[in-house]
Every structure is written in structure tokens, then in C-alpha cells.
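Since the structure comes first, as C-alpha cells, the remarks are kept for the end.
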């Protein structure tokens with residue numbers, strides 16, 4: 001079995017069995033028309049997102065690191081960046097889209113063990129990156145009351161799965 005197969009099996013064992021992408025509700029009509037597009041693909045196609053997820057700093061950081069070429073997914077239906085963006089009124093009410101884990105079979109998928117546009121974070125292939133992730137805290141039963149486990153959970157909520165260019169509508173389960 002491959003790293004990709006193993007990770008897909010783990011994600012499918014979760015409840016719900018999916019990866020996640022958060023978006024402002026105002027973006028849903030565009031997503032229904034085009035699928036989830038990277039910032040780069042939106043620009044290439046001349047599509048203006050009604051409520052882009054990043055502030056000026058994060059958009060610039062994404063561009064500098066090449067992260068604007070990816071759709072950013074996560075393992076949890078909550079993400080620290082979503083919380084901050086809502087608190088700063090950068091985005092409004094959000095929805096966590098559920099993404100089929102088979103998206104991991106897409107060529108060029110990368111993973112990060114922290115927020116991807118952070119200066120010291122390097123995206124890795126799934127084969128390189130999955131062994132560095134704390135999959136136990138995501139997929140196994142752990143004592144979430146334990147302060148050490150809480151820190152591990154907090155770190156795992158920042159992990160990102162980076163999908164090149166787009167996530168097609170067929171992979172979005174809850175639109």
C-alpha cells in the first residue's frame with residue numbers, strides 16, 4: 001500500500017470521512033459554477049471571488065511562496081485562519097466544504113505541517129510529509145483533556161493539504 005492509499009484510508013475512517021475547505025458563504029455560487037479554484041486559477045480565468053479568504057498580508061505571502069497555485073484543505077472542520085479571518089471581519093459567515101479524500105490522488109499534491117504561507121514552512125510531497133504529521137492525534141482515540149494532547153491537536157489544525165489548481169465539483173460533497 002502507498003502513502004496516498006494509507007492516508008485516504010485514514011481519512012475515510014473519520015466521521016465525517018472527508019477533508020475540509022472553509023469559505024465565506026458569499027463564494028458558494030461561484031464555487032457551484034467553477035469548483036474550488038486556486039487564487040492563481042481565479043486570476044487566470046478572470047473570476048473575482050466575492051469574499052476571498054486572505055487578507056493583504058496572507059495573499060502576498062501565498063504569492064511569494066507559490067501557495068496561490070493551490071487550493072488549501074485541512075483535516076478538521078475548523079481552522080485557526082478561518083477563526084482569525086472571521087474575528088477580523090475579513091470574511092463573514094463560513095461553511096466548511098467536505099472534500100472527497102480521493103482528491104489526494106491528484107498529481108502534485110503537497111502537505112505542510114503548519115500554515116503553508118508561514119516563512120519557515122516548506123511544502124512537501126505526500127510521501128515526504130505524511131510521516132512528519134501527527135496522524136495519531138487526528139485519527140486515533142486520544143485523551144483530548146490531556147494538555148499535551150491538546151497542544152498536539154492545536155498543531156494538527158494548522159496542517160494543510162495543497163491541491164494544485166482546482167478541486168472539481170465532483171469532489172465536493174456538501175454544496
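Each reported figure results from applying straightforward, stated rules to the coordinates on display, with no laboratory input. Please read all numbers here as calculations on a predicted model, not as lab measurements. Neighbour counts run over all protein chains shown; Cβ positions are idealised from the backbone, glycine included.
To the nearest ten degrees, helix 147-156 and the longest principal axis of the Cα atoms of the chain are 40 degrees apart.
FRET efficiency for the pair residue 154 and residue 32, taken as 1/(1 + (r/R0)^6) with r the Cβ-Cβ distance and R0 = 22 Å, rounds to 0.10. The fewest-to-most ranking of 79, 68 by surrounding Cβ atoms within 10 Å reads 68, 79. Separation of segment 125-175 and segment 26-73, taken as the distance between their Cα centroids, equals 21 angstrom. Its DSSP H runs of at least 4 residues, each contributing -39,500 (n - 2.57), put the calculated 222 nm mean residue ellipticity of the chain at -9000 deg cm²/dmol, to the nearest 500.
For the chain, the longest principal axis of the Cα atoms and the long axis of helix 3-13 meet at an angle of about 90 degrees. For the chain, a Gaussian network of Cα nodes joined below 10 Å ranks 45, 105, 157 by mean-square fluctuation, and the top entry is 45.
Thinking of segment 111-160 as a set of Cα atoms, what percent of all their pairs are more than 11 Å apart?
Looking at segment 111-160, the distances longer than 11 Å represent 68 percent of pairs.
The fewest-to-most ranking of 158, 14, 140 by surrounding Cβ atoms within 10 Å reads 140, 14, 158.
Quick note on segment 3-171: its Rg to Rh ratio, both from C-alpha atoms and Rh being the Kirkwood radius, is 0.94.
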